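Participant: Dropping a structure here in structure tokens format, bear with me for questions.
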Amino acid sequence: MTDSPDIADSVAPGVDPDALRDADDHLNPHWVERLRAKLAEDDTAAVAELTEPLHAADMGDLLEALDAEERVRLVTILGDKFDFSALTEVDDTVRSEIIDELPTADVARGVAELDSDDAVHILEDIDIPEREEILAQMPAFERLSLKRSLDFPEDSAGRLMQTDFIAIPPYWSVGQTIDYLRGEKDLPDEFFQIYVVDAAYNLQGIIPLDKFLRSKRDVRIGDLMNADVIEVLATEDQEEAARDFERYDLVEVAVVDESRRLVGVLTIDDIVDVIHEEATEDMQLLAGVGDEELSDGVASTVRGRATWLVVNLVTAMLASFIIGLFDATIEEMVALAALMPIVASMGGNAATQTMTVTVRALAMRELDSYKIRRLILREMAVGVLNGLIFAMLLGLLTWLRFFNPGLGVVIALAMIVNMIAAGTAGILIPLTLNRFKVDPAVASSVFVTTVTDVVGFFGFLGLAALSMRVFGMAS
């Protein structure tokens with residue numbers, strides 16, 4: 001029997017076996033296997049030494065690389081040294097598996113040490129009874145603050161906001177504020193603005209940190225503040241808040257309630273996550289996979305995909321029915337069976353291009369009445385020109401392949417018709433769905449594909465049947 005090869009033998013040349021990541025910025029398998037071995041041995045000191053320098057994002061990647069039992073063992077071994085902010089960096093499925101296996105007291109302790117936005121991110125996916133049990137074991141101030149954030153709608157600015165901020169009255173001076181900041185221990189870890197409020201916490205203005213630091217000590221805060229404040233309602237959708245950051249180049253923005261009382265702040269690091277999440281969601285919805293994650297199991301993945309596959313099956317049967325109407329024509333000219341998928345496929349690809357541009361523009365709120373009219377005319381013109389270009393190309397190739405000029409003309413005309421239909425459907429279907437408050441990213445793909453298939457098959461086979469009757473076209 002030969003000894004098993006050392007793990008180091010499997011490390012790619014040039015990769016440091018002790019490094020956390022390889023040249024492609026992936027977790028180094030050698031490093032992960034070494035940690036796994038220490039976990040299996042319950043070697044607390046070695047595990048703590050290996051994971052101590054990890055950033056929360058690196059710890060998140062590590063948790064996703066481990067098996068379910070290993071994840072819980074790692075968190076348990078680290079105990080108080082485990083940074084719960086790492087749980088905001090993992091898939092929802094992984095986070096739920098870890099939380100479900102931990103005692104509520106440990107979760108309450110870990111969550112209490114986090115910034116409020118990270119704490120809410122972890123708590124919002126926990127079942128309400130268990131969440132209430134966790135909150136009950138937290139200090140009163142943190143508990144009330146988190147409950148207020150959790151009361152706001154899901155995916156709202158109130159759920160995303162951080163409740164730690166610096167608010168001062170307008171009658172203070174710069175010097176008083178500096179003394180307060182130096183003496184106060186419970187300040188946000190990072191902040192970019194100082195907020196000016198009255199006694200009822202109504203937002204009066206803001207002072208950017210750079211402007212504040214350049215001012216003299218005797219300057220009154222009310223004279224220094226900017227009263228023209230960009231603010232976000234706590235009930236506003238997080239996607240709308242992200243657009244404000246993009247439009248006004250913000251780094252931090254105030255979050256207010258309906259009475260314009262300051263209740264929190266949004267920072268750019270959270271908004272970057274929102275932009276990433278929304279872009280990923282739209283891309284997945286276009287493909288009909290919903291909110292699927294890499295860590296999801298087989299059963300949940302099948303359930304998530306099956307709905308739209310059923311819809312696709314229905315639309316495919318409709319296209320099949322159209323083909324069945326012309327079975328006699330296809331039997332008479334077998335070449336039609338080889339050519340008809342080309343027309344439908346070209347139309348489908350052209351429609352997908354137009355649909356993607358339209359759905360993105362709708363998601364980014366870029367379309368007004370003027371731009372919509374211009375976009376519709378542009379896409380229809382593009383459909384006509386693409387139809388003419390590929391009609392000539394495909395018609396010529398068909399003529400040369402089958403030595404049948406009539407068949408070349410038929411497929412050329414069908415290509416023009418389907419490309420025009422593709423461009424029109426690719427823009428009008430998302431616009432129509434959006435008008436009826438249906439997410440165009442979810443449903444556009446199925447309807448657009450149906451249109452291009454039906455028009456493509458019906459146009460090509462219909463023209464072929466007509467030509468065979470009128471002109472006697474034969475193979």
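The values are calculated or read from the model by the stated rules, or taken from the named source; none is laboratory data. This is a predicted model, so every value here is computed, not measured. We place every Cβ from the backbone using ideal geometry, glycine too, and count neighbours over all the protein chains shown.
Participant: Are any of the residues in region 411-425 free of Cβ contacts under 8 Å to residues at least 12 places away in the same chain and under 27 Å from the mean Cα position of the chain (by Cα)? Write out each step before concluding.
Facilitator: Filtering region 411-425 for residues free of Cβ contacts under 8 Å to residues at least 12 places away in the same chain gives none.
No, every residue in region 411-425 fails to be free of Cβ contacts under 8 Å to residues at least 12 places away in the same chain and under 27 Å from the mean Cα position of the chain (by Cα).
Participant: Of the residues that sit in region 422-475 and are surrounded by fewer than 18 Cβ atoms within 10 Å (Cβ to Cβ) and part of a loop (DSSP other than H, G, I, E, B), which one is modelled with the highest pLDDT?
Facilitator: The selected residue is 436.
Participant: Filter the strands (runs of 3 or more DSSP E) completely within region 159-240 down to those with at least 3 residues that are under 25 Å from residue 114 (Cα atoms).
Facilitator: The qualifying strands (runs of 3 or more DSSP E) are 193-197, 231-233.
Participant: Another question, if that's okay. For residues that are among the charged types (D, E, K, R) and either buried (at least 19 other Cβ atoms within 10 Å of the Cβ) or within 28 Å of the chain's Cα centre (by Cα) (or both), tally how many sit in region 37-69.
Facilitator: Number of matching residues: 5.
Participant: What are the pairs with Cβ atoms under 7 angstrom where one residue, in region 454-468, is closer than 10 Å to residue 322 by Cα and the other, located anywhere, is of a type in the set (Ser, Thr, Tyr) and in a helix (DSSP H, G or I)? Sequence gap at least six, or different chains.
Facilitator: Taking only residues 6 or more apart or on different chains, the pairs are 461/329.
Participant: Let me ask something else. Across region 304-344, what is the number of residues that are free of Cβ contacts under 8 Å to residues at least 24 places away in the same chain and among the hydroxyl-bearing types (Ser, Thr, Tyr)?
Facilitator: So the count comes out to 2.
Conditions tested, residue by residue: (1) within 28 Å of the chain's Cα centre (by Cα); (2) among the hydrophobic types (A, V, I, L, M, F, W, C).
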position: 316; (1), (2): no, yes
position: 319; (1), (2): no, yes
position: 323; (1), (2): no, yes
position: 334; (1), (2): no, yes
position: 346; (1), (2): no, yes
position: 351; (1), (2): yes, yes
position: 360; (1), (2): yes, no
position: 363; (1), (2): yes, yes
position: 369; (1), (2): yes, no
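Residue-by-condition table, conditions (1) more than 18 Å from residue 165 (Cα to Cα); (2) in contact with a Ser or Thr (Cβ under 6 Å, 6 or more places away or on another chain); (3) assigned by TED's automatic domain parsing to the domain that holds residue 88; (4) of a type outside the set (Ser, Thr, Tyr):
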site	(1), (2), (3), (4)
115	no, no, yes, yes
118	no, yes, yes, yes
125	yes, no, yes, yes
129	yes, no, yes, yes
135	yes, no, yes, yes
142	no, no, yes, yes
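Participant: Another question, then. Exactly one condition in (1) surrounded by 15 or more Cβ atoms within 10 Å (Cβ to Cβ); (2) in contact with a strand residue (DSSP E or B) (Cβ under 6 Å, 6 or more places away or on another chain); (3) farther than 16 Å from residue 164 by Cα is false for residue 227; which is it?
Facilitator: So the condition that residue 227 fails would be (1).
Participant: How many residues does region 25-82 hold that are within 17 Å of residue 94 (Cβ to Cβ) and β-branched (Val, Ile, Thr)?
Facilitator: Counting residues in region 25-82 that are within 17 Å of residue 94 (Cβ to Cβ) and β-branched (Val, Ile, Thr) gives 5.
Participant: Report yes if some residue within region 99-108 is surrounded by fewer than 20 Cβ atoms within 10 Å (Cβ to Cβ), acidic (Asp, Glu), within 22 Å of residue 234 (Cα to Cα) and over 19 Å from the mean Cα position of the chain (by Cα); otherwise report no.
Facilitator: No, there is no match, as no residue in region 99-108 is surrounded by fewer than 20 Cβ atoms within 10 Å (Cβ to Cβ), acidic (Asp, Glu), within 22 Å of residue 234 (Cα to Cα) and over 19 Å from the mean Cα position of the chain (by Cα).
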